[in-house]
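The values are calculated or read from the model by the stated rules, or taken from the named source; none is laboratory data. All values reported here derive from a predicted model rather than from experimental measurement. Cβ: placed from backbone, ideal geometry, glycine included. Neighbour counts: every protein chain shown.
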Amino acid sequence: MEMLDKVLQRIDDDLNASLDRLFALLRIESISTDPAYNESCRAAADWLANELDSLGFDADARQTGGQPMVVGHDRDPGGNLHVLFYGHYDVQPVDPLSEWSAPPFEPALATAADGSKQIRARGACDDKGQLMTFLEACRAWKAVAGKLPLRVSIIFEGEEESGSASLEPFLQANADELRSDVALVCDTGMWDRGQPAITTMLRGLVGNEIIVTGPSRDLHSGGYGGAARNPLHVLSDVVAALHNENGRVMIPDFYEGVDELPAEIKAQWDGLDFDGDEFLEGVGLSIPAGESGRSVLEQIWARPTCEVNGIYGGYTGDGFKTVIPSKASAKVSFRLVGSQNPEQLRERFQAFVRERIPSDCQVEFLSHGASPALRLPFDGPYLQRARRALAEEWGTEPAITGGGGSIPVVGSFKRLLGMDSLMVGFGLDDDRIHSPNEKYELSSFHGGTRSWARIIAALAEEGS
């Protein structure tokens, strides 16, 4: 514990220099979506590789089919547990530039109306500020102890904001080099300014398109209405049958692989400062529409869903046209949890639809991707050690949260490298990522750095 105290003191004493280093990275205009910034992306990758080299890592910026991938391995590890830390150095475009209160690539430390200090720049939170919290924690450990207490490898991606086209080919080609005991992912957030969070659940996704064909051509509804089958009616009946009156999905065996939340986690979620009514009121609604008897947090984090994302057919232009359409289509997506099997669910969904198609109509399906849900075991050792470390730093138990969507790299790590990911980040909901005037709280940067120092110690303590 004495060594950790010295590391934390070093972080406190070095805060201003840490900010200088972060600001140097923030000045690099590493916008991956625009080829005009390719040289800037390369500059950011080289900057990070040089920084890792100065910290005692064998590091380089490796060429890919797109932006460089920065990889580093500690030259002198101090333990057996091997972690792979992931972050991304690319940022979103800054448009509309006119809405920025200051130039987006001229970082500054500003004081907000409530007195809090904020780092303001594009990438301040997403993800340069976040990844630098881990590098600064490593820097402090090395300065005080001479080495890190575990094996650390690092990968920084340069295309996260533009689809990660190079990520999976790179992971496949370098799997033996990158495979570790656990991945550490910082691209997440806190519950609020005073309470950290560990994201333990990410829902999977299955996308399908249904195309129902009835008559061989569009028909005049005066001449054929009442006698001819209308594909929009058929498709509407299918969509209506997907849920019952309690919001439960009615596809047979849909809930296979869906587990109930552990009582401890459910109780913690119930105790979070979250108002489900206010959450819905923010988008003009008032009544939860998912499975009855479930809290809103359960519905968006821990339960599977079936949503109709689009339905169309016939004449949809201005004015009015009295036709019975030849075709009707719908786009339907599923969010998966637990051990639900994406391809099995797709097959069950298509069988459900086919059973409801009249014999004189045809149906075809277009598939739009499939990925399983991901969950870190609630009682897993890495989660418990990180949980303890965060509680010690922030003086309160971290929220064990879920994610309604997905973080693609976490799925890639699991599928290609067989690794679980410990997802700990320090962003806030109001950090305006992807928007003008992005910011990162100084308390997030400083507290995040101290938190990673503690997590490193906690993982090494029982993992050596």
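Could you check, for the range 96-104, whether at least one of its residues is in contact with a helix residue (DSSP H, G or I) (Cβ under 9 Å, 6 or more places away or on another chain) and surrounded by fewer than 16 Cβ atoms within 10 Å (Cβ to Cβ)? The answer is yes; a qualifying residue exists.
I'd like to verify a number: residues in the range 295-318 that are surrounded by fewer than 21 Cβ atoms within 10 Å (Cβ to Cβ), assigned to a loop (DSSP other than H, G, I, E, B) and either modelled with pLDDT of 95 or more or in contact with a helix residue (DSSP H, G or I) (Cβ under 8 Å, 6 or more places away or on another chain) (or both), how many? Residues meeting the conditions: 2. If the condition is being assigned to a loop (DSSP other than H, G, I, E, B) and more than 24 Å from Pro377 (Cβ to Cβ), then the range 171-219 contributes Asn174, Arg193, Gly194, Gly214, Pro215, Ser216, Arg217, Asp218.
Yes or no: the range 48-71 includes at least one residue that is free of Cβ contacts under 8 Å to residues at least 60 places away in the same chain, assigned to a loop (DSSP other than H, G, I, E, B) and closer than 22 Å to Val94 by Cβ. No. Working only within the range 254-273, note down all residues that are touching a helix residue (DSSP H, G or I) at 6+ places or on another chain (Cβ under 6 Å) and either closer than 27 Å to Ala351 by Cα or not in a helix (DSSP H, G or I) (or both). Selection gives Leu261 alone.
Please verify whether Gly56 is crowded, with 23+ Cβ neighbours inside 10 Å, touching a strand residue (DSSP E or B) at 6+ places or on another chain (Cβ under 8 Å) and either under 23 Å from Ile456 (Cα atoms) or basic (Lys, Arg) (or both), treating the condition exactly as stated. Reasoning before the result, please.
Working: crowded, with 23+ Cβ neighbours inside 10 Å: no; touching a strand residue (DSSP E or B) at 6+ places or on another chain (Cβ under 8 Å): yes; either under 23 Å from Ile456 (Cα atoms) or basic (Lys, Arg) (or both): yes.
So Gly56 fails the test.
Of a type in the set (A, V, I, L, M), at pLDDT 95 or above and more than 25 Å from Ser236 (Cβ to Cβ): is that true of Leu390 in this structure? Answer is yes for this residue. For Pro104, the conditions (1) over 20 Å from Trp47 (Cβ atoms); (2) in a loop (DSSP other than H, G, I, E, B) all hold with the exception of (1). Sub-6 Å Cβ pairs linking a first residue in the range 385-397 that is crowded, with 18+ Cβ neighbours inside 10 Å to a second residue that is modelled with pLDDT under 95 and basic (Lys, Arg), at least 6 apart or interchain, number zero.
Against the conditions (1) among the aromatic types (Phe, Trp, Tyr); (2) surrounded by fewer than 20 Cβ atoms within 10 Å (Cβ to Cβ); (3) farther than 24 Å from His446 by Cα, Phe170 satisfies every one except (2).
Check the range 126-140 and report whether any residue there is in contact with a helix residue (DSSP H, G or I) (Cβ under 7 Å, 6 or more places away or on another chain), assigned to a helix (DSSP H, G or I) and of a type in the set (Val, Ile, Thr). Yes, the conditions are met somewhere in the range 126-140. If the condition is being buried (at least 17 other Cβ atoms within 10 Å of the Cβ) and more than 14 Å from Lys142 (Cβ to Cβ), then the range 60-72 contributes Asp60, Ala61, Thr64, Gly66, Gln67, Pro68, Met69, Val70, Val71. For the range 398-418, the set of residues classified as surrounded by 18 or more Cβ atoms within 10 Å (Cβ to Cβ), part of a loop (DSSP other than H, G, I, E, B) and at pLDDT 95 or above consists of Pro398 only.
Just one of the listed residues (Asp237, Asp259) is acidic (Asp, Glu), surrounded by 12 or more Cβ atoms within 10 Å (Cβ to Cβ) and in contact (Cβ under 8 Å) with a residue 24 or more places away in the chain, and it is Asp237.
Note on the range 328-362: among residues that are crowded, with 19+ Cβ neighbours inside 10 Å and within 30 Å of Asp218 (Cα to Cα), the one that is nearest to the chain's Cα centre (by Cα) is Val332.
Yes or no, residue by residue, for (1) farther than 16 Å from Gly404 by Cβ; (2) touching a residue at least 60 places away in the same chain (Cβ under 8 Å); (3) not assigned by TED's automatic domain parsing to the domain that holds Val185:
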| position | (1), (2), (3) |
| --- | --- |
| Gly290 | no, no, yes |
| Ile311 | yes, yes, yes |
| Ser326 | yes, yes, yes |
| Lys331 | yes, yes, yes |
| Phe334 | no, yes, yes |
| Arg346 | yes, yes, yes |
| Pro358 | yes, yes, yes |
| Ser367 | yes, yes, yes |
| Phe378 | yes, yes, no |
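For the range 419-430, filtering for residues that are in contact with a Leu (Cβ under 8 Å, 6 or more places away or on another chain), aliphatic (A, V, I, L, M) and assigned to a loop (DSSP other than H, G, I, E, B) leaves 1. The single condition among (1) closer than 30 Å to Gly78 by Cα; (2) surrounded by 23 or more Cβ atoms within 10 Å (Cβ to Cβ) that Ala124 does not satisfy is (1).
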